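Take a look at the structure set out below.
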Amino acid sequence: MSDRTSLIVGNWKMHRDHLEAIQLLQRLAYHLSEEDTDEQEVVVCPPFTALRSLQTLIQSDRMAVALGAQDCHPEIEGAYTGDVSVPMLARLDVRYVVVGHSERRLFHEEDDALVARKARAALSGELRAIVCVGEGEQARESGRAEEVVLAQLRGSLDGVEPREDADLVIAYEPVWAIGTGRTATPTDAQDMAVAIRTALAERYGSERAADVRILYGGSVKPANIRSLMTLADVDGVLVGGASLSAEDFALIVGHRRAI
Ligand code: PGA
């Protein structure tokens, strides 16, 4: 048994304006029990426009839910129209930031080098970085999934030095499983998590690698959460679609209780 704290992250993507976000988080909090948040971390990543409202709500209601952002800029400030920096996020009590999500890689042409810069910025700004990697369908079908994922991982961690407080998180999200209803088999998810941890150990030493939490993402639902959370090297999940339903996300968070 590892002593890594499980981490359940909801990625709301470009859904919910700030008023809808308040409602969604209130509903979620209503469904969560203390037991759900005592031994695992629960994080929601709303659009930037909802961060301030949710910060206020979390504080005033003392919710055991942390905030994450879906992206950040690698620089602290500057003439970067439309971007948001790590210090700005930190001021809103954002604790986590997702970097290198496959949708950013695809629609914004982000490459591994940029993802690594963002991850470095997050860690130096005292945020925890959730670095996403994952192979496309072709790579999976041609048996190159591991090779592709590990190459992405190495590139996306260039110059990234985790400290001791579990500030680095890797999310393995096979692109073909995102929003498709198809999930990696538990065996594939576990095998990839082991490959990732082995690569992390080569890079940072096995002790540090054992601290890094590895999440699975891609069509996580109440129906498949248990089989994923029992995997030895999968320490949590990154949930897209199902995190937009307070009831479904609460079932995912409460996977240890009866469903
Ligand atoms: P999904 O998205 O759960 O809707 O497949 C996962 C993600 O993109 O993080």
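Observations
- If the condition is being within 16 Å of the ligand (Cβ to nearest atom) and over 23 Å from V97 (Cα atoms), then the range 193-223 contributes P222, A223.
- Within the range 163-192, the set of residues being closer than 17 Å to D3 by Cα, away from the ligand (no atom under 16 Å from the Cβ) and buried (at least 16 other Cβ atoms within 10 Å of the Cβ) comprises A166, D167, L168.
- Residue pairs meeting the criteria (Cβ under 7 Å; at least 6 apart or on separate chains; first free of Cβ contacts under 8 Å to residues at least 24 places away in the same chain, in the range 102-119; second more than 12 Å from the ligand (Cβ to nearest atom)): none
- Taking each residue of the range 160-178 that is in contact (Cβ under 8 Å) with a residue 24 or more places away in the chain and looking for partners that are assigned to a strand (DSSP E or B) and open to solvent by 10 Å² or more (accessible area, probe 1.4 Å) with beta-carbon atoms closer than 8 Å, six or more apart or interchain, yields A166/R128; D167/R128; L168/R128; V169/R128.
- Subset of the range 217-236 (residues that are out of contact with any Leu (no Cβ under 8 Å at 6 or more places or on another chain) and either free of Cβ contacts under 8 Å to residues at least 60 places away in the same chain or open to solvent by less than 50 Å² (accessible area, probe 1.4 Å) (or both)): G218, S219, K221, A223, N224, R226, S227, L228, M229, T230, L231, D233
The values are calculated or read from the model by the stated rules, or taken from the named source; none is laboratory data. Every value quoted in this text rests on a predicted model; they were computed, and no experiment measured them. All Cβ positions, glycine included, derive from the backbone under ideal geometry; neighbour counts span all protein chains shown. Surface areas here come from the heavy atoms of the whole protein model, side chains and all, with no ligands, DNA or RNA. Shrake-Rupley method; radii C 1.70, N 1.55, O 1.52, S 1.80 Å.
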